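Trainee: Before I ask anything, here is the structure I am working with.
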Amino acid sequence: MIRFENGDIEKPMLDERSVSRWIRAVAAEYGFSVGNVTYVFCSDEKELAVNRQFLGHDYYTDIITFDYSTGTTLNGDIFISLDTVRSNAESIGVTFEQELYRILIHGILHLTGQGDKTPETKEQMTHKEDLALGKILLEL
């Protein structure tokens, strides 16, 4: 089950059924099924508090993914700062919705084991995001 929840702010308008179908399809392409994945939409301040409390990091970020997956079943909690998604979209010249979809699938790719800490893995992540984003247009 894929859930979309309010953190400390109102969640964005999404066609949750179509987005969930897309997420499941992308996961399947990498050999995974989706178990329980919860997206929590929040503000920068909430994201910073989660980052400090659970990861010991003292900086803002757009996404924090907690992975509880077992085998080929994806399970996790994904915190997304809508403030940072909005500011990132503005700075790179895309719509809020485009950046939101990128971040939604970014969390799923993390759950499949894709990293992004090195230039090489970041390039791989971006490529996989781009492939997935091309498919969301078919779902919506």
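Trainee: Amide H neighbours of His57 under 5 Å, at least 5 residues apart or on other chains, H built in the peptide plane: list them.
Mentor: Excluding prolines and chain starts, which carry no amide H, the hits are Arg52.
Trainee: Within 10 Å, count the other beta carbons around each residue, average over each peptide in 109-120, 25-36, and list them highest first.
Mentor: Numbers: 109-120: 14.2, 25-36: 16.1.
By packing density, highest mean first, the sequence is 25-36, 109-120.
Trainee: In whole Hz, what ³J(HN,Hα) sequence does region 93-108 give by Karplus (6.51, -1.76, 1.60; θ = phi - 60°), x for Gly and Pro?
Mentor: Working through the residues one at a time gives x, 10, 6, 4, 4, 4, 5, 4, 4, 4, 6, 4, 7, 4, x, 5 Hz.
Trainee: Something else now. Can you give the relative contact order of region 2-139 as a percent, counting alpha carbon pairs under 8 Å and 6+ residues apart? Walk me through the numbers on the way to the answer.
Mentor: Details: 209 pairs, mean separation 31.5, N = 138.
Across region 2-139, relative contact order equals 23 percent.
Trainee: Moving on. In whole Å, what are the extents of region 2-80 along the principal axes defined by its C-alpha atoms, from largest to smallest?
Mentor: Result, largest extent first: 34, 29, 15 Å.
Trainee: Additional query: Label 7 Å along Cα→Cβ of Ala49; region 66-108 residues with amide nitrogen under 16 Å?
Mentor: Inside the label zone: 79-83.
Trainee: Principal axes first, then extents: for the Cα atoms of the chain, list largest minus smallest coordinate on each axis, whole Å, largest first.
Mentor: The Cα atoms of the chain stretch 34, 32, 32 Å along the principal axes, largest first.
Trainee: How big is the gap, in Å, between the Cα center of region 95-110 and the Cα center of region 63-78?
Mentor: Between the Cα centre of region 95-110 and that of region 63-78, the gap is 15 Å.
Trainee: Which value in nm describes the separation of the simple spin-label points at Ser91 and His57, placed 7 Å from the Cα toward the beta carbon?
Mentor: 1.4
Values in this text are rule-based calculations from the coordinates and carry no lab data. Computed from a prediction, not measured in an experiment: that's the story for all the values here. Note: ideal-geometry Cβ built from the backbone for every residue, glycine included; neighbour counts use all protein chains shown.
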